[in-house]
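Engineer: One structure, pasted below without further comment.
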Amino acid sequence: MSENVSNHIHKTSKKRKKALWIVLATSVLVLIGLIFYALFRRPVVESVTHEAGTFINIEEFLINERIQGEFVTNIEEIGISDLGEYTIQIQVKDKVYSCIMTIVDTLPPSGSALSPETLEEILPLPEDCVVNIEDATEVTVSYKEVPDVNKAGNVDTVILLQDKGGNVTEIPVTIIVLADTEAPVIEGAVDLSIDEGMTLEYLEGIAVTDNKDENPSLIVDDSQVDLNQGGEYEAVYIATDKAGNIAKQPIKVIVIPDVLAPVIEGTQDITVEVGGSISYRKGVTVTDDKDENPTLTIDNSQVDLETPGIYEVIYTATDRKGNASTATIQVTVKSLETLAMEQEVYEKAADILARITDESMTDMEKAFAIYRWTLTSIGYTGSSDKSDWIKGAYQAFKNRSGDCYTYFAAAKALYNVAGIENVDIVKSDTSRSSHYWSLINLGDGWYHVDCTPRSGSGDNFFMVTDAELEAYSSLHRNSHIFDGSLYPERATESVQHMVNYSNGTLNQ
């Protein structure tokens, strides 16, 4: 029995020793593992959740406070209010580790309520209902439900503050709705003047302001104004705000009547051969002081291009107001034979003028030379073809003889070639005889010139006035009586002191 006990004790002792060795070995392995972990574990956490708006500290990223580390990533470039994930690099000793930092906003915004005042129908902005808004991220302000501000009184509502993190704060506010009784103010309204028929811009330079309404309406009542009829009228500016307050500002509108007729320019007498055509509008212009597009009508109904003769054509210009002006020209229809005769007349006149004048002479000297040549170079026979002045001039230059019509026609051809303005005059009382002479204008007015020779004293008629011609005519059976209303107004100042008829010269 003692042997069995001894064996049992021996076996028990061996088991205890074995267990002890197992515990010891395990402890050694754990210790080695701890030492290995301590020596080789990661000193930087894998991820960090950071509250927006707070300072980013290196300690957040290290596994314990005994570890020394520093940021490789430039933290200052990361906005602490910019929500999202960022990769942060941290250096511990000689090794760099990466960590994912997530910036979140978990704290709701705060703010203080206001009691804004507004006018009926004008909803204040939600931002005008709250002050002192604070949050780490951007906050949007809105109404929980849009309040009714159509009537005066206190209106309770709720303002929502929501940050980027989705956190919401509700702030009760009271809106004070006031009745608007002040009308808008109209500025810049002055009396206006405009030409008749033009368009008026009433709103130019006009401004409207209101104590509450930023955009009051403005209309112009010009129902009493007639821009197409000269006169003085009243227009009214009417401004209205959202509360219905109305301001009115009357002004005078003076419409200046259009009384001037259009001006026709470029019309001139026309000579055409039988069977020819005429462009009546060529070179003709019409202008008006008010109307940019006056109308022009041409009455050529009397012209017969198939029959030789002198015809009248009337140009009529009318503006939009109805003011009208007219210009009358003569259309001379001539046979081919007459036109050929006219060309020959002007060729002969040019040849004569070249012999009796030169470039050094004044216009008066040239006119006097024409008077002298016509008076002395043509013989008086008492008859001529008076159907056309060209025929009269042709007779004068070819035959060097004729009557008063021949002298008048020859002088006219020479005046035309010399560029001297001239008008034909016909004796008005032909009961005893007919007679023809000219008016010329050298720039100082119209004077009479009669190249027909007469016997007796006082029978020289170069640039004489009405009075001087009348003095002779009254003593010679009204030889030069004429209707002055048919001709341009004549000069009254005598130039006879400058004319030496006997010597055929002009005095200086």
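The values are calculated or read from the model by the stated rules, or taken from the named source; none is laboratory data. Predicted model, so just to flag it, every value in this text is computed and none were measured. All Cβ positions, even for glycine, are placed from backbone atoms using ideal geometry, and neighbour counts span all protein chains on display.
Engineer: Can you tell me which residue is farthest from ASP466 (Cα to Cα) among those in the stretch 488-503 that are among the small types (Gly, Ala, Ser) and without any contact (Cβ under 8 Å) to a residue 40 or more places away in the chain?
Structural biologist: My answer is SER502.
Engineer: Could you list, in sequence order, the residues of the stretch 193-216 that are farther than 20 Å from ASP291 by Cα and surrounded by 11 or more Cβ atoms within 10 Å (Cβ to Cβ)?
Structural biologist: Matches in the stretch 193-216: TYR202, LEU203, ILE206, ALA207, VAL208, THR209, ASP210, ASN211, LYS212, ASP213, PRO216.
Engineer: ALA247 - would you say it is over 30 Å from LYS212 (Cβ atoms), crowded, with 18+ Cβ neighbours inside 10 Å, at pLDDT 95 or above and of a type in the set (Gly, Ala, Ser)?
Structural biologist: no
Engineer: Output the residues belonging to the stretch 107-135 that are over 47 Å from the mean Cα position of the chain (by Cα) and either within 13 Å of GLN162 (Cβ to Cβ) or β-branched (Val, Ile, Thr) (or both).
Structural biologist: Across the stretch 107-135, the qualifying residues are LEU107, PRO108, PRO109, SER110, GLY111, VAL130, VAL131, ILE133, ASP135.
Engineer: Moving on to the next point. Being closer than 30 Å to TYR237 by Cα and β-branched (Val, Ile, Thr) narrows it down to one residue among ILE254, ILE298, ILE270; which is it?
Structural biologist: ILE254
Engineer: Another question, if that's okay. In the stretch 152-176, how many residues are buried (at least 17 other Cβ atoms within 10 Å of the Cβ), assigned to a strand (DSSP E or B) and either touching a Phe, Trp or Tyr at 6+ places or on another chain (Cβ under 8 Å) or touching a residue at least 60 places away in the same chain (Cβ under 8 Å) (or both)?
Structural biologist: Within the stretch 152-176, residues that are buried (at least 17 other Cβ atoms within 10 Å of the Cβ), assigned to a strand (DSSP E or B) and either touching a Phe, Trp or Tyr at 6+ places or on another chain (Cβ under 8 Å) or touching a residue at least 60 places away in the same chain (Cβ under 8 Å) (or both) number 7.
Engineer: As an exercise: evaluate ALA327 against (1) in contact with a strand residue (DSSP E or B) (Cβ under 6 Å, 6 or more places away or on another chain); (2) in a loop (DSSP other than H, G, I, E, B) and give the number of the one condition it does not meet.
Structural biologist: If we test ALA327 against (1) in contact with a strand residue (DSSP E or B) (Cβ under 6 Å, 6 or more places away or on another chain); (2) in a loop (DSSP other than H, G, I, E, B), just (2) comes out false.
Engineer: Quick one: is THR492 touching an Asp or Glu at 6+ places or on another chain (Cβ under 9 Å) and either hydrophobic (A, V, I, L, M, F, W, C) or part of a loop (DSSP other than H, G, I, E, B) (or both)?
Structural biologist: yes
Engineer: Take LEU469 and decide whether it is among the aliphatic types (A, V, I, L, M), surrounded by 14 or more Cβ atoms within 10 Å (Cβ to Cβ) and out of contact with any helix residue (DSSP H, G or I) (no Cβ under 9 Å at 6 or more places or on another chain).
Structural biologist: Criteria met by LEU469.
Engineer: Considering only residues of the stretch 358-387 that are surrounded by 19 or more Cβ atoms within 10 Å (Cβ to Cβ) and not in a helix (DSSP H, G or I), which is modelled with the lowest pLDDT?
Structural biologist: SER384
Engineer: Among what's in the stretch 250-265 and is at pLDDT below 95 and under 15 Å from ALA324 (Cα atoms), pick the residue that is surrounded by the fewest Cβ atoms within 10 Å (Cβ to Cβ).
Structural biologist: Applying the filter and picking the extreme gives VAL259.
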